[in-house]
Amino acid sequence: MEILTSTQAVRQWRQAQSKQDKTIGLVPTMGNLHAGHLSLIALTQQHADCCIASVFVNPTQFGPTEDYEAYPRTWEADCHALRTAHVDAVFAPTGPEILYPSAPTEQVGLIPPHAAHGLCGAWRPSHFSGVLQVVNKLFNLIQPDYATFGEKDYQQLTLIRLMVRDFLLPIRILSSPVIREPSGLAMSSRNQRLSNQDRQIGAQLSQHLFQTRHAWLNGDLQTPSAQTEHCQTQLAHLNSVGFRMQYYEMRRADTLQTLDTRSPDTPSMPAQHLSSPHQDTIAVLAAGYLGETRLIDNILIQNASLI
């Protein structure tokens with residue numbers, strides 16, 4: 001595994017792969033890797049000749065109340081995991097100045113407004129501009145044929161898909177389903193901050209999401225009023241067991257618009273963007289705090305027969 005720490009080294013590596021007509025798959029990460037990240041690598045390796053991962057804690061996606069310095073850096077363990085997964089190269093900038101040679105800026109006009117409204121965008125207003133900025137930089141630098149992201153961060157995944165579509169980038173976006181702990185808790189680097197009791201409570205988030213999918217498939221949520229009442233009930237239940245919930249919502253999976261909205265200027269994702277959801281897929285999305293730890297999760301309901 002090659003370790004690349006500068007943009008020049010990445011370009012040289014990319015040119016060497018191009019000379020051999022190899023396709024490139026990118027897995028962007030902030031390190032502190034777990035099984036969810038490794039599933040992204042495995043999926044990438046199914047499609048691309050070479051897999052490169054990035055390990056970079058991106059400062060522009062941290063809000064003013066979020067501690068960038070406290071984000072766990074586990075470089076040695078990450079390298080071991082990447083080598084074991086047979087990653088071909090890792091891009092690990094030695095500092096933010098490698099990707100931000102002038103200075104980090106947050107607003108770069110990359111966000112499609114309709115997909116950023118609400119959900120996490122309402123609670124972390126500068127987060128997605130920072131995410132899309134660094135992903136766009138990685139795309140420009142590495143020029144991958146494929147890029148792979150996890151479905152746990154579903155709003156982020158949707159925004160990246162739309163950025164690729166809107167900026168006509170020749171990149172196919174792959175997505176990997178949520179990887180869960182045996183309890184059902186979605187795997188996340190944040191989970192290590194949870195106490196044993198909080199882990200048990202946290203598992204209830206996924207249980208409620210699965211309950212929502214069952215209710216929809218059972219025909220109980222076919223009207224807007226039933227959907228609204230159901231989501232409010234789920235919020236109340238989760239708050240009663242210890243969560244401080246921020247949202248629990250049902251959205252169109254392809255655009256993240258509300259279920260009663262279909263706007264002509266936000267068409268569904270084109271077919272070439274791999275793993276994109278069908279128009280008749282619903283995303284049920286939730287986020288909230290347990291203690292000081294913010295958890296997010298979602299579940300997809302396919303063939304939902306939306307009008």
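In the range 137-159, what residues are without any contact (Cβ under 8 Å) to a residue 40 or more places away in the chain and either under 17 Å from residue 300 (Cβ atoms) or in contact with an Asp or Glu (Cβ under 9 Å, 6 or more places away or on another chain) (or both)?
Result: 156, 157.
Condition test on residue 188, is it touching an Asp or Glu at 6+ places or on another chain (Cβ under 7 Å), surrounded by 21 or more Cβ atoms within 10 Å (Cβ to Cβ) and among the hydroxyl-bearing types (Ser, Thr, Tyr)?
In short, no.
Can you give me the number of residues within the range 211-230 that are over 17 Å from residue 260 (Cβ atoms), part of a helix (DSSP H, G or I) and either open to solvent by 60 Å² or more (accessible area, probe 1.4 Å) or touching a Pro at 6+ places or on another chain (Cβ under 9 Å) (or both)?
Of the residues in the range 211-230, 4 are over 17 Å from residue 260 (Cβ atoms), part of a helix (DSSP H, G or I) and either open to solvent by 60 Å² or more (accessible area, probe 1.4 Å) or touching a Pro at 6+ places or on another chain (Cβ under 9 Å) (or both).
Before we move on, is residue 47 within 15 Å of the chain's Cα centre (by Cα) and surrounded by fewer than 19 Cβ atoms within 10 Å (Cβ to Cβ)?
no
Provide a single number: the residues in the range 162-203 that are over 24 Å from residue 254 (Cβ atoms), touching a strand residue (DSSP E or B) at 6+ places or on another chain (Cβ under 8 Å), in a helix (DSSP H, G or I) and at pLDDT 90 or above.
Of the residues in that region, 3 qualify.
Could you please let me know if residue 52 is in contact with an Asp or Glu (Cβ under 8 Å, 6 or more places away or on another chain) and either open to solvent by less than 60 Å² (accessible area, probe 1.4 Å) or of a type in the set (Asp, Glu) (or both)?
yes
Could you please give the count of residues in the range 231-258 that are more than 14 Å from residue 205 (Cβ to Cβ), open to solvent by less than 30 Å² (accessible area, probe 1.4 Å) and either of a type outside the set (Gly, Ala, Ser) or free of Cβ contacts under 8 Å to residues at least 12 places away in the same chain (or both)?
The qualifying residues number 7.
Where residues in the range 165-185 are in contact with a helix residue (DSSP H, G or I) (Cβ under 7 Å, 6 or more places away or on another chain) and of a type in the set (Val, Ile, Thr), which of them is surrounded by the most Cβ atoms within 10 Å (Cβ to Cβ)?
Let us first name the residues in the range 165-185 that are in contact with a helix residue (DSSP H, G or I) (Cβ under 7 Å, 6 or more places away or on another chain), namely 169, 171, 173-176, 179-180, 183-185.
Adding the requirement that they be of a type in the set (Val, Ile, Thr) leaves 171, 173, 179.
Numbers: 171: 21, 173: 23, 179: 18.
So, considering only residues that are in contact with a helix residue (DSSP H, G or I) (Cβ under 7 Å, 6 or more places away or on another chain) and of a type in the set (Val, Ile, Thr), the one surrounded by the most Cβ atoms within 10 Å (Cβ to Cβ) is 173.
Could you tell me how many of the residues in the range 214-227 are under 17 Å from residue 299 (Cα atoms) and under 28 Å from the mean Cα position of the chain (by Cα)?
Number satisfying all stated conditions: 6.
Among the residues in the range 121-144, are any assigned to a loop (DSSP other than H, G, I, E, B), at pLDDT 95 or above, aliphatic (A, V, I, L, M) and open to solvent by less than 60 Å² (accessible area, probe 1.4 Å)?
No: zero hits.
Where the second residue is part of a helix (DSSP H, G or I) and modelled with pLDDT of 90 or more and the first is within 17 Å of residue 35 (Cβ to Cβ) and of a type outside the set (Val, Ile, Thr) and lies in the range 190-201, which pairs have Cβ atoms under 8 Å and are six or more apart or on separate chains?
Correct list of pairs: 191/199; 191/202; 194/202.
Yes/no per residue for (1) loosely packed, with under 14 Cβ neighbours inside 10 Å; (2) in a loop (DSSP other than H, G, I, E, B); (3) at positive phi:
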{"site": "18", "(1), (2), (3)": "yes, no, no"}
{"site": "38", "(1), (2), (3)": "no, no, no"}
{"site": "41", "(1), (2), (3)": "no, no, no"}
{"site": "72", "(1), (2), (3)": "yes, yes, no"}
{"site": "78", "(1), (2), (3)": "no, no, no"}
{"site": "94", "(1), (2), (3)": "yes, yes, no"}
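Check 43, 82, 26 and return the single one that is more than 18 Å from residue 173 (Cβ to Cβ) and among the aliphatic types (A, V, I, L, M).
Numbers: 43 fails: more than 18 Å from residue 173 (Cβ to Cβ); 26 fails: more than 18 Å from residue 173 (Cβ to Cβ).
Within the list 43, 82, 26, the selection yields 82.
The values are calculated or read from the model by the stated rules, or taken from the named source; none is laboratory data. In this text the structure is predicted, and so the values were computed from the model without any measurement. Note: ideal-geometry Cβ built from the backbone for every residue, glycine included; neighbour counts use all protein chains shown. Heavy atoms of the whole protein, side chains included, go into the accessibility calculation; ligands, DNA and RNA do not. Shrake-Rupley method; radii C 1.70, N 1.55, O 1.52, S 1.80 Å.
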